[in-house]
Every structure is written in C-alpha cells, then in structure tokens.
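Working notes, beginning with the structure itself.
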C-alpha cells in the first residue's frame, strides 16, 4: 500500500541500540518526523523540543511477558507462544517449531492435542481463536500456574531478524507496570522503548503531559500480516479526563504506539469524547473509519504488508506515509522493535518544518 514494497534485509534492527556501541542508551535511535508530507530527520533525544507545552502523550503501561516456553507433543519438540489470557482463564497460544528463533510455524494442531510443559504442566488445545485460521488456539492449562510458568521457564518471543536472545529487561519499557492477574503483552509495545527516565523528566519539565492506558498485545505473525485480534484494554477515568481536557484546549493528543491508538480510540465516542472503559476491543482503525481522538502518533517502522499501516494512514494520510517511508529507506532507518521511530504530526502550513531544522 506504500511506495516502499520491500524493506531491505539489512535495515532490520538485530540488537537493541544500547548494544550497538559504547555510550549508547535506549534513546540513541533516530527519529523521522512527518508533518503532513514534509519530513525532517532527528534523533530521539530531540523529542522534547519537537513537542509543545500542553501536548499529551498517551502511553501503554502493559508489561512484556516472557511468553515463549518449550513444550512437547509426544516426542516432538515445540515452542509455545502464550498470547492472550481470556476472562475464563484460558490462554490463546501459538505453536512454533523449535528452530532456535521461532521462525517456522509448527504443524497445525487440532482440538484435543496435548502439549507437555515444564514443571509437569499440560496444555490442551480446545478451539481456534478465530475463524480466519488455526494459527492461534484457545487452550486450557493444567498442573501449573501460567504466570509462574512464564517466570520460571519463559523467555521473550523473538523473530528471525534479531541476532540472538535478549533478557526480558530489554523488552520492558519505562512505562511498564505488572498486572495483578499476571496478564501482559506477548510482544513489547515497542514505540515506548526509547524513552528513558531522564527523557520523561525533560518532557514533563517542558510542559508535556502523559496519560497512561493499558492494552495487552497478543502474538503477531512474522509471516502473515493479519488484522489484530481482540485484545484486553483499559482507559482509566483520570486519563480520559486528561485527554478530553487537552482536546478542549490547544494541545495535541499523541499516541505512543499503535497499541495506545487502539486503546484510546476504543474508548472514544463518535463525538470524540473519551470515556473510561475496560474490557476487550476488536477495533481495527482504518482510513475509512478514521481517528476520533488522536492527533498524532509516535511509532516504529512497519513492514509494507502490515495491517498497522492502515492505522498510520488513518492518522496521517496515504501521501504522508508514502513520503515518510520512502525517506526512511533512503535514510537507512532501522525497522522492527529495536529500530528507529517515526513521529507523525499534523501539517501546520507551508513553513511548519522551519523550526525543526534538518540533520541530514
């Protein structure tokens, strides 16, 4: 859907930025800034001066889980990706082949398939999560407590473009909070990863506000770019009030990540007013649906086939996404969860970028 039809393999971020050289911190990534179709190149520590006093950043507080666990179907080894905890205690899971990186989907299971887990646990497949296919299954787990299992035997989910396993701490954001029921995200809400405590303090000192929301992300497919499945979310009353106050003034509501967009748009009415909500959302934000709450978006760089790009187009328009992604490839920006960031802001006239400068 964009002018960029393929991301060169060498543009995949294979390790976290802080492992790429001495003296680098999480915020040592690049930041592409789009105001409408105008583009400027920056570094992430410049974010405080690119925002305005009164702007509001909506951040996802979901904690990343160590969601990959080894298992066995009979004598065959598999990797179980724990995706989503249901309200009835079941877990949606994905089975993958144990090739060391989880890149090949395991042979499709069927209802009644049993998977042995560490510690004597037993997982039983009950039914596919969706009518779209049998990649994810609702399962029952017996003999072990899943949060305890993940804590003792789990590791973060990773895909073939990364170089090696990383500790769970590499996948937690500065905003992450543990959930009382052990729920969390199977995959990191990665747009927030470059934030550090120091950078948050600088943003606050410059008058930028934060509104916490929660959306627990499930397992995405690295091979098939499906629309997102229903996910659990919460928009607390205090955050709803803050968002509405900013929208009533002259500030801008900027979501940090597509997960924050999905949460806050799920709580927004057709009048654009955000109300406290919690539960499950099956909202898919598309250009046809549009956005009612957010004015801008800070996000990573997504593959051309990814359904997330429909959300980006809803926020900024097709032309802005085409232009930005073309610049990202030409500028050798890095993709995926350890990669660089893209800030999408509303256009503000023909000379709106003059305050940005250009770091090329």
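Worth a mention:
- Test result for residue 290, touching a helix residue (DSSP H, G or I) at 6+ places or on another chain (Cβ under 9 Å) and without any contact (Cβ under 8 Å) to a residue 60 or more places away in the chain: yes
- Within region 232-260, the set of residues being within 25 Å of residue 179 (Cβ to Cβ), assigned to a helix (DSSP H, G or I) and without any contact (Cβ under 8 Å) to a residue 60 or more places away in the chain comprises 237, 238, 240, 241.
- Taking region 183-205 as the range and being in a helix (DSSP H, G or I) and within 9 Å of the chain's Cα centre (by Cα) as the test, the residues that pass are 190, 191, 192.
- Taking the criterion of being assigned to a loop (DSSP other than H, G, I, E, B), surrounded by fewer than 21 Cβ atoms within 10 Å (Cβ to Cβ) and either outside the structural domain of residue 194 (by TED's automatic domain parsing) or touching a helix residue (DSSP H, G or I) at 6+ places or on another chain (Cβ under 9 Å) (or both), the residues of region 28-59 that qualify are 28, 36, 37, 54.
- Residue list for region 319-333, filter: surrounded by fewer than 22 Cβ atoms within 10 Å (Cβ to Cβ) and touching a strand residue (DSSP E or B) at 6+ places or on another chain (Cβ under 7 Å): 323, 327, 331
- Given (1) part of a strand (DSSP E or B); (2) closer than 22 Å to residue 78 by Cβ, index of the condition residue 210 fails: (2)
- Residues within region 264-316 that are in contact with a strand residue (DSSP E or B) (Cβ under 9 Å, 6 or more places away or on another chain) and within 27 Å of residue 50 (Cβ to Cβ), tallied: 23
- Test result for residue 126, at pLDDT 75 or above, more than 27 Å from the chain's Cα centre (by Cα) and not in a loop (DSSP other than H, G, I, E, B): yes
- Once region 90-99 is narrowed to residues that are touching a residue at least 12 places away in the same chain (Cβ under 8 Å) and outside any strand (DSSP E or B), the residue that is surrounded by the most Cβ atoms within 10 Å (Cβ to Cβ) is 90.
- Odd one out for residue 94 among (1) within 21 Å of residue 260 (Cα to Cα); (2) under 19 Å from the mean Cα position of the chain (by Cα); (3) at pLDDT below 95: (1)
- The residue list 269, 207, 182 contains one member that is in contact (Cβ under 8 Å) with a residue 60 or more places away in the chain and farther than 26 Å from residue 129 by Cβ, which is 207.
- Here 316, 267, 260 are screened, and the one residue that is surrounded by 15 or more Cβ atoms within 10 Å (Cβ to Cβ) and modelled with pLDDT under 95 is 316.
- The residues on offer are 214, 162, and the sole one that is touching a residue at least 24 places away in the same chain (Cβ under 8 Å), buried (at least 22 other Cβ atoms within 10 Å of the Cβ) and not assigned by TED's automatic domain parsing to the domain that holds residue 83 is 214.
The values are calculated or read from the model by the stated rules, or taken from the named source; none is laboratory data. The structure presented is a predicted model; accordingly, all values stated were derived computationally and were not measured. Cβ atoms come from the backbone with ideal geometry, glycine included; neighbour counts cover every protein chain shown.
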